[in-house]
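The values are calculated or read from the model by the stated rules, or taken from the named source; none is laboratory data. In this text, all values refer to a predicted model and were calculated from it rather than measured experimentally. Cβ placement follows ideal geometry from the backbone for every residue including glycine, while neighbour counts extend to all protein chains displayed. Side chains are part of the model used for accessible areas, which takes the heavy atoms of the whole protein and leaves out ligands, DNA and RNA. Shrake-Rupley method; radii C 1.70, N 1.55, O 1.52, S 1.80 Å.
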Amino acid sequence: MGTDKQSDDRNRGKGNHPHRFVKVPTDVFSRHRVRVLDPATAVWYEGTTRPQSTAYRADTLLVPLRTARNSDLLAELNKVIEPLGAHLSPLLPRTDRWQRAIKKLDQELPVPVAVRVRAGVKADRMPDPWAVLALLRNELPTDKVAGIGLEHIVGAASVFGGGAPYGGGVPYGGGVPYGGGVPYGGGVPYGGGVPYGGGVPSGSVGLATGSRNPVRMFMPQPARRAPGDLTSGRRPVVAVLDTGIGTHPWLRVGPLEADPVVEVSHEFQALLADLESTMTAENGSALAPLSSPFEERDLIQPLLGLTDSHAGHGTFVAGLIHQNCPDARVLSMRVLHTDGVTTDASVLLALEWLRDRVQDAIDNNRPDELVDVVSLSLGFYPENTDEVTGALLATAVRKLTDLGVVVIAAAGNDATNRPFVPAALALNADGSNTANELLVAVGALNASGTTIAAFSNDGEWVKRWAPGNAVVSTVPLWQGSEAGDLSLPRSVAGGPLLRSGPDPDDLMTGFAIWAGTSFATPVVAGLLAANFASAKDSLDIADRVSRATTALAETDKELVDRGWTP
């Protein structure tokens, strides 16, 4: 591919390989109970579209909360799927906080139900949730199956490794490959960084520079104005759905009255942990529920002390927002595990919790609890791009944007124009779920901002761009068990320091270089937040939508001025 803009324009949109399989490593299968849909063998009925490959939970479906609580409707659904030997079992948490939350949550919120073998049936394998879903959609009217869908596996949109296998398939949700592109549980090969004199293995194409490589920064923390000095009269708030927040001197965490850089919600985290714990108790899982809002380093291989592939991802995203808008407050919500994986059920719960928070702040005159921007450095490839398949996420996003919240989402890192959602819901291939001007898909540029990063997804639905390759940001102050390629005493004049190669997981500098549309996304979110800070605040919903539209337009002008418009 050429490097000039004309060559880029000629080649954009030629990377669509919709029928390639998504790739999921064996360890991710076991940790997250994953099944991959095979388009060659997946059932589909007359009048429907053959599905594409996607990854989803092997033992659940998502149904609206109202359906999970309606025994009569569940009985009707179970009657339909009897021929498959399957049975749907609701598994809602029974904690007091969930019982309180149910009264406030939208009854259309999708929640997981277990897909089980029906009592009395002798089976040699578990029912396939896709086959169950396809039969329900074929046999029942639309209103009975509205809001029912697969529980998709969602991945962080960051890049690991030196490049992607030349001519390879689509690594699911991530770049190279799903969940990391590095050995099980690690950040880079144990004991090494990149091969001396190399960086990209023979037969591969170099796509990215930096995969959480530590760097030294020599600059002060960005200056922050007092909330009263802002035109808005309060700090713009950017909600980040990611791996949580780690310890860093720039990113002070605290309660609202302390005017922190980062806010966390123990309430949301407890609700998510209740939901995950309920499913784990029933179905099993290799990972503990996300009960803490704070980053954790080595959950995959704790006996070896290896830093997990996506540990620090949320802290890196928060740092990019802080660099581009020091006046903002980040609301950190932990939904991704340290391997960069979650499901759309967790994302949907987070979006619904945010909707409830914003609506409550509007209704009860609590402007400090408003949210202005949601930054989503994650996504997945759905089995179809029709309105039915995208309805769950599209509806959740629409409920936020209708309250004047702008949702910024990563375009994905697989050098394809296959729709990556939720970003692609801004403009699906068949024209569904369109006209939501406050949902923004962001692709990645190289560090110069003058070329598109080779790994970045592309398509008509990618409307904004920002540097996402070789960017520097904050990471938690961690020291992992890995070491440099060599370590030996100083041969001249002695002294206490060893001569060593770079230690790939010595993050005690607090800064690293990384790549992915994961990181182009918070750059745009930060610029947008700065424009919110310069706009008068309002609790009127119509005014909030107008304010958001204006702030986004000002951000677009800034992107053009910087030349970030491929």
Quick one: grab the alpha carbon gyration tensor of segment 63-104, order the square roots of its eigenvalues as a ≥ b ≥ c, and give me rounded if a/c is under 1.5, else prolate or oblate depending on whether a/b is larger than b/c. prolate
Fraction of antiparallel bridges per DSSP, segment 335-464 only, in percent to nearest 5: 20
The rounded separation in angstrom of the Cα centers of segment 448-520 and segment 339-395 is 30
Segment Q479-T26, length gained on full extension (0.36 nm per residue, minus Cα span): 160.3 nm
Can you compute the modelled spin-label distance between T247 and E437, with each label point 7 Å from Cα toward Cβ, in nm? 4.7
Sorted peptide list for 321-327, 251-257, criterion being average Cβ within 10 angstrom, highest first: 321-327, 251-257
Residue by residue, what Karplus-based ³J(HN,Hα) values in Hz, rounded to whole numbers, does segment 237-244 have, using 6.51, -1.76 and 1.60 with θ = phi - 60° and x for Gly and Pro? 10, 10, 7, 10, 9, 7, 8, x
Net charge within 10 Å of L306 by Cβ-Cβ distance, Lys/Arg positive one each and Asp/Glu negative one each, not counting L306 itself? -3
In Å², rounded to a whole number, the accessible area per residue of segment 446-565 with probe 1.4 Å is 42
Where a ≥ b ≥ c are root eigenvalues of the Cα gyration tensor, a/c under 1.5 meaning rounded, otherwise prolate if a/b exceeds b/c and oblate otherwise, segment 248-366 counts as oblate
Rounded to the nearest 0.05, what FRET efficiency is calculated for E46 and A75 with R0 set to 25 Å and r the Cβ-Cβ distance? 0.40
Compute the distance from the alpha-carbon center of segment 105-160 to that of segment 548-566, in whole Å. 40
Once label points are set 7 Å from the Cα along Cα→Cβ at both E267 and S89, what is their separation, rounded to one decimal in nm? 3.3
So, relative contact order of segment 213-282 in percent, Cα under 8 Å, 6 or more apart, is 13
Net charge within 14 Å of G484 by Cβ-Cβ distance, Lys/Arg positive one each and Asp/Glu negative one each, not counting G484 itself? -4
